[in-house]
Amino acid sequence: MRKQHYVRDLLNQVATPDGEHVDLMGWIKSRRDHGRLTFIDVTDSTGTIQVVVAKPSLGEEVYMTAKAVPVESAIHVAGTMKTKANGQREITANRFTVISVDTLGLQPQPRAGFDIYDNKMAGHIIANKAVYLREPHYMAILKFRAKVMKIVREWFEVKGFMEFDAPILVLAPLYDDKTAMKVDVHGQDAFLTQCAGFFLEAATMAFERVYNMGPSFRGEESRSKRHLKEYWHIKAEMAFGDRDDIIELVEDLLSYLHVRLPEECEQEMKFLGASLRHEDFVTPFPRIAYEDAVAHVRSKGSDTVIGVGITTKDEEELAKLFHGPFWVMGIPRNVEPFPYVIDEENPTVTKVADLIAPRGYGELCGVAEKIFDPVMLDERMDEKGKHGDPRYNFVVDVHKAACVPHIAFGMGLERLLRWLLDIPHVRDTIPF
């Protein structure tokens, strides 16, 4: 049983002219009965088309089957193409076969279209996500996701980066063991990766420009609208550069997305009612020093103090100062993990910067200068309680073997998608 036609082709009158005999397999999206005629909307991965089923053409038994088979069932129809006076294309069926009957009867119906962002529906949708992937809005979001990943890879290729596969099962977590997801591998403690950074760092000393797009895992409990236990990371590292260079690189990536997304994702964005705001892509993005950011939010009533991370509410307050995304420069050394360079002009902070999106979307991306000096690495590992931990010996070895200055960025794919599409929660940007 091989599919001959897709709805996308049948909707194109040039590709499939009136009078041509066609063969279509798909699912019943909806049905309307009118006496001796039944109108069935048949959908597949490329669109929806109306099929006209008439009793005289099919006979009593087949016609009654067409009227009775549940919505969402899979069917195989054949017939003749026709264009109506209003331009709508339809198939006049002369054959109708049921491939598979829907016996689940999930409500609301997966292809009916409903408010997938309704919080009251969240638990029901999550519990039935394997079927609700068929919902048209989820399909559009996931098509958009795939195209964003394609465009990002395209940009990396243009910029001379090589894709590098990093392990998902690791012995050494980036942060503390308690924030990582621990698994037992033949009696040995291992973790699901929190970040590909250690491995990209090693690869950078060979290939100079590398990137990875893969899953990352965090063990902390969080119910915020921008956190997931499993999410996808866009990570890149480059030899010979400083923080300004990596900031410029990230801004270039977002500018590239600004140009390519309307070209590549026009249908998905239109269906989802999404449009890119020009002010969100005016680069270079403004910058604010961490200390100035803390001073500002404290003047507005925040109890955040120097030396701790900026909160979500702080980010929202800071966003009022700018028209689009902005960089917070210099994150405290006690907040950031050990691989990042200490700022020689202000040893209380690292040479890290976080890109904050406006309208409550929060941190999109982090960039950093990474330590290449073995002495600084020892200092930072001792500070973080990791000095002498044999699990990190390979990291130390990379720094002993003529490590050079290198820079990195990490961007959460789901956070990026949520911001681009103006979606309430990151859970709606990932399949499961």
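Taking the chain as a Gaussian network of alpha-carbon nodes connected by springs under 10 Å, the highest mean-square fluctuation of the residues GLU90, GLU369, GLU251 belongs to GLU90. Take every Cα pair under 8 Å whose residues are at least 6 apart in sequence, average their separation, divide by the length of the chain, and the relative contact order is 12 percent.
Segment 174-191 and segment 299-371 have Cα centres lying 28 Å from one another. Applying a DSSP loop filter and a limit of 13 other Cβ atoms within 10 Å to the trypsin sites (Lys or Arg not before Pro) in segment 316-354 leaves LYS320.
Counting only Cβ charges, +1 for Lys and Arg and -1 for Asp and Glu, the dipole size of segment 287-432 around its Cα centre is about 380 debye. The 1.4 Å probe gives accessible areas that order GLU264, GLU20, largest first, as GLU20, GLU264. Other residues lying with their Cβ under 14 Å from the Cβ of SER73 contribute a combined charge of +1, Lys and Arg counting +1, Asp and Glu -1.
Annotation: ASP176 carries an accessible surface of approximately 80 Å², with a 1.4 Å probe and no ligand, DNA or RNA atoms counted. For the chain, the longest principal axis of the alpha carbon atoms and the long axis of helix 197-207 meet at an angle near 80°. Rg and Dmax of segment 318-395, based on Cα coordinates, read 15.0, 47 Å. Here P(r) over Cα pairs in 20 Å bins from 0, in percent was computed from the coordinates, and among (1) 22, 45, 24, 9, 0; (2) 21, 38, 22, 10, 5, 3, 1; (3) 26, 59, 16, 0 the match is (1).
Annotation for segment 42-107 versus segment 402-432: alpha-carbon center distance of 41 Å. The helix-only estimate of mean residue ellipticity at 222 nm for the chain, built from DSSP H runs of length n ≥ 4 each weighted as -39500 (n - 2.57), is -9000 deg cm²/dmol after division by the residue total. Going by alpha carbons, how many degrees (0 to 90, nearest 10) lie between the helix axis of 290-299 and the longest principal axis of the chain? That helix lies at roughly 80 degrees to the long axis. Filter LYS29/LYS235; LYS129/LYS270; LYS178/LYS313; LYS235/LYS400 down to the pairs with a C-alpha to C-alpha distance above 28 Å, please. Over 28 Å Cα-Cα: LYS29/LYS235. Note on PHE394 and ASN346: the extension gain reaches 14.4 nm, defined as 0.36 nm multiplied by sequence separation minus the Cα-Cα distance. The residue among ALA239, LEU228, PHE271 whose Cα reaches farthest toward the positive pole of the charge dipole of segment 204-285, with charges on the beta-carbon of Lys, Arg, Asp and Glu, is LEU228.
Which angle between 0 and 90 degrees, to the nearest 10, do you get for helix 136-158 versus the longest principal axis of the chain when only C-alpha atoms count? Approximately 50 degrees, to the nearest ten. Surface composition of the chain: carbon and sulfur make up 53 percent of the accessible area, probe 1.4 Å.
The values are calculated or read from the model by the stated rules, or taken from the named source; none is laboratory data. Quick caveat, the model's predicted, so the values are computed rather than measured. Reconstructed Cβ throughout: ideal geometry from the backbone, glycine too, with neighbour counts over all protein chains shown. Just so you know, the surface numbers come from the protein's heavy atoms only, side chains and all, with ligands and any DNA or RNA stripped out. Shrake-Rupley method; radii C 1.70, N 1.55, O 1.52, S 1.80 Å.
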